Amino acid sequence: MTDLLEPRAIGADLVRRDGELKVRGTATYAYETPVEHPAYAHPVQATIARGRVTAMDTAAAEALDGVLAVLTPFNAERLAATDDAEYAVLQGQDVGFRGQLIGVVVAETSELAREVADGITVRYEELPHDAELSADRPDLYAPEQVNAGHETDTAEGDVAAAMAAAEVTLERTYSTAMYHNNPLEPHATTALWESAGDGFLTLWDSTQGVHPDRAAVCQVFGLEQEQVRVICPYVGGGFGSKGLPHANVMLTALAARALPGRPVKLALTRQQMFFLAGYRTPTIQRMQLAADSRGRLSAIAIDVVEQTSKVKEFAEQTGVPTRMMYASPNRRSTHRLAALDVPIPSWMRAPGECPGMFGPEVAMDELAEELGIDPIELRVRNEPDVDPETGKPWSSRNLVRCLREGAERFGWSGPRAHRDGDWLVGTGVASSVYPTMRQATSTANVRFEDGRYVAEIGAADLGTGAWTILPQITADALGVDVADVDVRIGDTRYPVASVAGGSSGTNTWGSALVVAAREFRTKFGADPRDGDEASGDVDQAGQDDTHSPYAFGAQFVEARVNADTGEIRVPRLLGVFGVGRVINPRTARSQLIGGMTMGLSMALHENSAWDPRLAQVANHDLAEYHITVNADVGAIEAHWIDEHDPYVNAMGSKGIGEIGIVGTAAAVVNAVHAATGVRVRHLPVTLDKLLTALP
Amino acid sequence: MKPFAYARPGDVVEAVRDVVAEPNAVFLAGGTNLVDHLRLGVARPDLVVDVRTLTSREVTGLPDGGLRLGAATTNSQVAADPRVRERYPVLAQALLAGATGQLRNMATTGGNPLQRTRCVYFSDVTTPCNKREPGSGCSAVGGYTRYHAVLGTPAALPDPHAPETCIATHPSDMAVALAALDAQVQVLGPDGERTIPFTELHRLPGDDPSRDTVLQHGELITAIDLPVLPAGTRSAYRKVRDRASYAFALVSVAAVVTPDGELRLALGGVAHKPWRATRAEEVLRGQQLTEDAVRAAITAELAAAQPQPGIDSGNGFKIPLVARTVLATVRGLLPEEQS
Ligand SMILES: Cc1cc2nc3c(=O)[nH]c(=O)nc-3n(C[C@H](O)[C@H](O)[C@H](O)COP(=O)(O)OP(=O)(O)OC[C@H]3O[C@@H](n4cnc5c(N)ncnc54)[C@H](O)[C@@H]3O)c2cc1C
Ligand code: SF4
């Protein structure tokens, strides 16, 4: 158990500290960093999916006025470490996916760099490629482990026997599409290599973590941490795609090394982001449920098939939430991958839980229908007393409260379907879940400076609110007014901080700040002198290993389907969450409704239409890759229950960045089913999938 | 972006002369389509002639009661014009269904019908495309065909390598309304002025998919005329798309019903050109405009429709979707007792 901070600033609805700068457009992002005499870089990308670059004709390009450097696999410097094939840019002639980086042009203007890069003639030795995922491929394999260190497969009891013996069984296959993170700010870097001494590299990079970013760059270039500084005060969104650096960062650093003393800027175009910035793998989920006639599960199983790149493995942990969500004596989960000649998948908001709560939550609705039981009631009947996976008690689990309160607020009781003029109306529900995580490394400093408390930590604010809530936590830990506290983040000059990922930022950095603040008070008392300073590590914070910490939630959807055209509208989206203590209701609400909107987007709109012939996303720009727009979002509400969890951390917070996207798509599918009778098991839910069933 | 020369001539005659003199020259109006294509390398002109300030920026009444839309009027302006809203609601609705407020403030009457296809392969210079690079083939056949044609195409699976293959659609909403309204296009060319019926402005791919329209090099649209409609005419535009706003049509319908029960019907998102449904109109001619009659007529129109297979089940859904959308749109225009 941890002593929870006495909340004073915590819980206050404070406006964003960085809000005004952003509204005025004066917050500087990586690409806009004011530097002297910048040069501009533009990548050259492979136009085949597999083979070798045999020649690149760069002579004409290099001779052009204004072109400063043309780097290719044939002339680029050799990097210190090439074991991570994503980062080994221009280190060899092999092409592993279409769009792979095979060169970079640096020029006096971005227009020139782009024109020259696009004009370079490349000769290839092309090999046939293999880029189509399916569940019946003979070469599916079990990875050693799946993302976040989870086991690939788990099994308990005998699912097959339970399926054979059960009163009711359900066996269905669901699939989620390929998705691209597409933050508003593209992946962008300004890099300056100063060659004096041993050399020093400054990167203004759009990243979810300056320290992990630096560590990767040091590794690849064989530099000491002291030789590299990464600066990133503001991030225009990342959704996981800036959690680890991608090849573009290494390419920019390489280009800067070729032009010492000259800052080099590179921003991926929107189209390039569909090749180089990670994405969520499509998933195929075979679900099995067995239950008695009262809806008590006797078996739950998920078998997941998804893809990775032959260049580098990433295994999304899609089956993981099924392991702990509902009680059942017999359980199984498996993950199988197809390694393809495709770009490298990576983190996207709630990797694992987001796709992994689609199949199960639609299956629960299907089972409820089959049994004639209310879907909320079905979930309540399968509520586990302890974590079914680990056997540990929950740190707090309020799924049932979320479902009940949501039902009340939404007006769930009564018929789930009716017709309103030209519109078929239906309602749906699904559960949300997200693990409460804390990273192992993060350090904070607290200093008394000119009458103010200044805390420093290399944390990142991707628009999430860290700039605003870290001072709230620090103020309560110090017992001072939040207005007297500054927290500085986004620079490797500050103490090391973990990545903003896994909804762990607040839990991790907040814990380090609390340790530092308490250390500060212990050392210097209530009346410090100017310059007094203390530091604290997250590993000094209390840690509870005896409970299973998760956030839970319930999402409710009203869907309307046009009886003539099948057009789908979602006028109402309501979520209730149990996410521990909310540090700032304003930024928390923004995270939750943002997640829900992204979940709606996944349900109805987003779909990287994969063209296996070319091995690329066909609709690779934002005019054709649809993301939910304002007009698609009606009334959207996020509520949270008052939850006191003394086991998670000193703030009592569970992390809120990801849970909002978990379960939404299932709730939409369930609502559309109520409205039309059509169960769309393969996302997205588009009108063509409903047409034949319309009146 | 390939470097190009930029010219801002004094008047339209000079503009036409400039473009005629340079085989690789283009006109620039609002730039919302052309500038994207310059960036992507889809358009690689040597000379860009800015006509934005040269043609008329006004909507004026014509002597016969029609309206003339100057080529430089913006989509926002035309959509907001009270005369357009009152007499040609189908056009105002079509304009407002297109793009976004910001884009409509820039996009022009001359430029909108001449915007190019949204075929994803057309805008990706690394893939074969007969429209962008004649003779290179058509990547769309068997590919991502959700936004592609079902009418005016040769076969469900044309030869992707043939130089004449193109299954693209014309993406403009405005153009569908103009096709239904029998608008007339005023053109100035090297040989003087001519008028082209709007339904004849765009063409099917034929043996040259690179040409979207019948305009010759250097021909400039100076205005689009809307003919007068009989008093009591009702019209509407219905656009069906994958999200509520800011998306191109999967299919769209422009319908005009005159007081004596004549239906003029145009379809969007289904063909290489805004598709005037002449077959359906013929079937209906002289008949009472009832739901059953309209159903039979649109079935006749769609008899020749060809689904294009492809990614995510292709575009066969458009055929029933068109029929349903036409019915719903026309139903809304019929007098109460008939619907
Ligand atoms: C993201 C996005 C979404 C969009 N969504 C929609 C939509 O939903 N529906 C829709 O209908 N449109 C949509 N559009 C397209 C938009 O309507 C067109 O880009 C716009 O109408 C083009 O007009 P413009 O004046 O900007 O033309 P420009 O880009 O200036 O020119 C387009 C073409 O017309 C030629 N041209 C221009 N004026 C003349 C003239 N007077 N005579 C001869 N040739 C001329 C140019 O040479 C060029 O080839 C969208 C565009 C974008 C970027
Ligand atoms: S459909 Fe037309 S525009 Fe699209 S790739 Fe084929 S030829 Fe090009």
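Taking the stretch A:609-625 as the range and being open to solvent by 10 Å² or more (accessible area, probe 1.4 Å), within 7 Å of chain B (Cβ to nearest Cβ) and not hydrophobic (A, V, I, L, M, F, W, C) as the test, the residues that pass are A:R613, A:E624. How many residues are touching a residue at least 12 places away in the same chain (Cβ under 8 Å) and open to solvent by 20 Å² or more (accessible area, probe 1.4 Å) if we restrict to the stretch A:629-645? Residues in the stretch A:629-645 being touching a residue at least 12 places away in the same chain (Cβ under 8 Å) and open to solvent by 20 Å² or more (accessible area, probe 1.4 Å): 8 in total. Condition first: within 16 Å of ligand 2 (Cβ to nearest atom) and either outside any loop (DSSP other than H, G, I, E, B) or not acidic (D, E) (or both). Can you find one or more residues in the stretch B:8-30 that meet it? No. Against the numbered list (1) buried (at least 17 other Cβ atoms within 10 Å of the Cβ); (2) within 16 Å of ligand 1 (Cβ to nearest atom); (3) within 14 Å of another protein chain (Cβ to nearest Cβ), B:T109 comes up short only at (3).
Scanning the stretch B:37-54 for residues that are free of Cβ contacts under 8 Å to residues at least 60 places away in the same chain and not basic (K, R) yields a total of 10. Report whether or not B:D173 is open to solvent by less than 40 Å² (accessible area, probe 1.4 Å), under 14 Å from the mean Cα position of the chain (by Cα) and within 11 Å of ligand 2 (Cβ to nearest atom). Judged against the criteria, B:D173 is not a match. In the stretch B:100-115, the residues that are farther than 10 Å from B:T32 by Cα never reach a residue that is within 16 Å of ligand 2 (Cβ to nearest atom) and open to solvent by 20 Å² or more (accessible area, probe 1.4 Å) with C-beta atoms less than 6 angstrom apart, at least six apart or across chains.
Note on the stretch B:292-329: residues that are within 12 Å of another protein chain (Cβ to nearest Cβ) and among the acidic types (D, E) total 1. Of all the numbered requirements in (1) within 30 Å of B:A244 (Cα to Cα); (2) outside the structural domain of B:G189 (by TED's automatic domain parsing); (3) open to solvent by 50 Å² or more (accessible area, probe 1.4 Å), B:L40 misses one, and that requirement is (3). Might you check whether a residue that is open to solvent by less than 10 Å² (accessible area, probe 1.4 Å), assigned to a loop (DSSP other than H, G, I, E, B), under 28 Å from B:I298 (Cα atoms) and of a type in the set (V, I, T) occurs anywhere in the stretch B:143-155? Yes: one or more hits.
Is there a residue being in a loop (DSSP other than H, G, I, E, B), open to solvent by 70 Å² or more (accessible area, probe 1.4 Å) and without any contact (Cβ under 8 Å) to a residue 24 or more places away in the chain anywhere in the stretch A:55-74? Taking every residue of the stretch A:55-74 in turn, at least one turns out to be in a loop (DSSP other than H, G, I, E, B), open to solvent by 70 Å² or more (accessible area, probe 1.4 Å) and without any contact (Cβ under 8 Å) to a residue 24 or more places away in the chain. Of the residues making up the stretch B:143-169, those that are in contact with a Phe, Trp or Tyr (Cβ under 8 Å, 6 or more places away or on another chain), near ligand 2 (Cβ under 9 Å from one of its atoms) and under 18 Å from B:A305 (Cβ atoms) number 2.
A single entry from B:S123, B:S136 fulfils the requirement of being away from chain A (no Cβ under 12 Å) and either part of a loop (DSSP other than H, G, I, E, B) or of a type in the set (A, V, I, L, M, F, W, C) (or both): B:S136. Taken over the stretch B:271-306, the criterion of being touching a residue at least 24 places away in the same chain (Cβ under 8 Å), open to solvent by 70 Å² or more (accessible area, probe 1.4 Å) and of a type in the set (S, T, Y) is satisfied by B:T299 alone.
Of these, A:E313, A:E383, which one is among the charged types (D, E, K, R), part of a loop (DSSP other than H, G, I, E, B) and within 30 Å of A:P612 (Cα to Cα)?
Result: A:E313 is the single residue among A:E313, A:E383 that is among the charged types (D, E, K, R), part of a loop (DSSP other than H, G, I, E, B) and within 30 Å of A:P612 (Cα to Cα).
Among the residues of the stretch A:385-398, those that are surrounded by fewer than 18 Cβ atoms within 10 Å (Cβ to Cβ) and either touching a residue at least 60 places away in the same chain (Cβ under 8 Å) or aromatic (F, W, Y) (or both) comprise A:V386, A:T390, A:K392, A:P393. Total residues in the stretch A:437-476 satisfying the condition of being under 21 Å from the mean Cα position of the chain (by Cα), of a type in the set (S, T, N, Q) and open to solvent by 20 Å² or more (accessible area, probe 1.4 Å): the figure is 3. Give the residue that is most open to solvent (accessible area, probe 1.4 Å), with candidates limited to residues of the stretch B:132-142 that are within 8 Å of ligand 2 (Cβ to nearest atom) and under 19 Å from A:Q271 (Cβ atoms). The selected residue is B:R132.
Within the stretch A:677-695, if we keep just the residues that are among the β-branched types (V, I, T) and either farther than 18 Å from B:L250 by Cβ or in a loop (DSSP other than H, G, I, E, B) (or both), the residue that is nearest to the other protein chains (Cβ to nearest Cβ) turns out to be A:T686.
The values are calculated or read from the model by the stated rules, or taken from the named source; none is laboratory data. Bear in mind the structure is a predicted one, so any value in this text is a computation, not a measurement. Glycine gets a Cβ as well: all are built from the backbone with ideal geometry, and neighbour counts include every protein chain shown. Protein only, heavy atoms only, side chains kept; ligands, DNA and RNA dropped before computing areas. Shrake-Rupley method; radii C 1.70, N 1.55, O 1.52, S 1.80 Å.
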